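Notes follow the structure.
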Amino acid sequence: MICERLPFALRRICWLPAAQQILSKRVRNWQNAHYRMARNGEIPANYRGAGRRCFIFDNPGKYRQATEIHRLTATTSGYVSQMDTFGIGMTSVSLGAGRLRAEDNIDPVAGILMNVSIGDAVSKGDLLLTIHTNLPGQVEPALERLQNAISISEKPVKAPPLILKEIV
């Protein structure tokens, strides 16, 4: 089932608002709303392709892959203490996943798959992230920028809250 394959943080960010929409339809509680979403496939239309199955999540191997896929691993052990999220985002743009100007093209298979979050314990050699691009000349500069964008400290770091505030 799709929900078990997605990272917990992604499930929480996506499913909480969806559950709130179902709750507004007089479902008794959040757990029941989550059950209806997970077991019965009852997900509000705007969360899964206007009521259709979201096949990109169900069958990722069915879709085109990037020609360049590279992994970045931890050079030291410790705890992920900081991330330059703006720098990571701009690096993603340089890989083809975004644009600086309206006329720039976006490559739908380009991007960065993050494997760690602030507060995570890592050992030397652990996977930090994977980059996907069809621009071979961007790989080395991207890996260098991304290595500098993630800080690892010796002391444990408390993870920041996933959701700062809910606006209802």
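The values are calculated or read from the model by the stated rules, or taken from the named source; none is laboratory data. Every value quoted in this text rests on a predicted model; they were computed, and no experiment measured them. Here the Cβ is made from the backbone with ideal geometry for all residues, glycine too, and neighbour counts use every protein chain on show. Each accessible area value is taken on the protein alone, full model and side chains, heavy atoms only, with ligands, DNA and RNA left out. Shrake-Rupley method; radii C 1.70, N 1.55, O 1.52, S 1.80 Å.
Remarks
- Among all positions in segment 141-158, there is no residue which is touching a residue at least 12 places away in the same chain (Cβ under 8 Å), over 24 Å from Met90 (Cβ atoms) and in a strand (DSSP E or B).
- Residue satisfying condition, being in contact with a strand residue (DSSP E or B) (Cβ under 6 Å, 6 or more places away or on another chain) and either of a type outside the set (Ser, Thr, Tyr) or modelled with pLDDT under 95 (or both), within set Gly96, Gly137, Gly89: Gly96
- Candidates in segment 107-137 are the residues that are open to solvent by 20 Å² or more (accessible area, probe 1.4 Å) and in a strand (DSSP E or B); of these, the one that is nearest to Gly89 (Cα to Cα) is Ile112.
- Tallying residues that are at pLDDT 50 or above and surrounded by 12 or more Cβ atoms within 10 Å (Cβ to Cβ) within segment 46-66 yields 2.
- Checked against the criterion of being touching a Lys or Arg at 6+ places or on another chain (Cβ under 9 Å) and either more than 19 Å from Thr85 (Cα to Cα) or surrounded by fewer than 15 Cβ atoms within 10 Å (Cβ to Cβ) (or both), segment 138-148 has no qualifying residue.
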